[in-house]
Amino acid sequence: MQSSYWEQFKKNPMPSYSLLFAGGNQVHNNVMTDLLEQAVERVRALPPDQQDELARVLLRLAGDEEAVYQLSAEEEADLIEAESEIERSEFASEAEVKAVFAKYRF
């Protein structure tokens, strides 16, 4: 008798893969990849507000519907002004762009 996919999976789980059953249901095991474990360890060392921000990003990428980032009133005003500048075709000059790249070493 041939064993089911689930029985095979329980005997030999694959950490970074999922199995597709004949019924169309996909099952993942609960083992994180080494890279994800490393990322979580680094995030644990960050201040709580940064941990929460990164958690929201991860949840959004994983399909959670929560907004990734909530703009403050000041940030929202800056965004509105930037959109207005774009509408007026007011862009940074080449020299201004080079200065920012030089400052942040891009």
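Where a number appears in this text, it was derived from the coordinates with a stated rule and is not lab data. Here the structure is a predicted model, which is why all the values come from computation and not from measurement. Counting neighbours? That spans all protein chains shown, and the Cβs are built from the backbone with ideal geometry, glycine included.
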Exercise for review: Once you have the Cα-Cα distance between THR33 and GLU74, take 0.36 nm times their residue separation minus that, and quote the gain in nm to one decimal.
Suggested key: 10.9 nm
**Study point:** Sites matching trypsin sites (Lys or Arg not before Pro) across the stretch 45-106 that sit in DSSP coil, with at most 14 neighbouring C-beta atoms within 10 Å
**Key:** ARG88, ARG105
**Study point:** Where labels lie 7 Å past Cα in the beta-carbon direction, separation of SER89 and ALA102 in nm
**Key:** 2.8
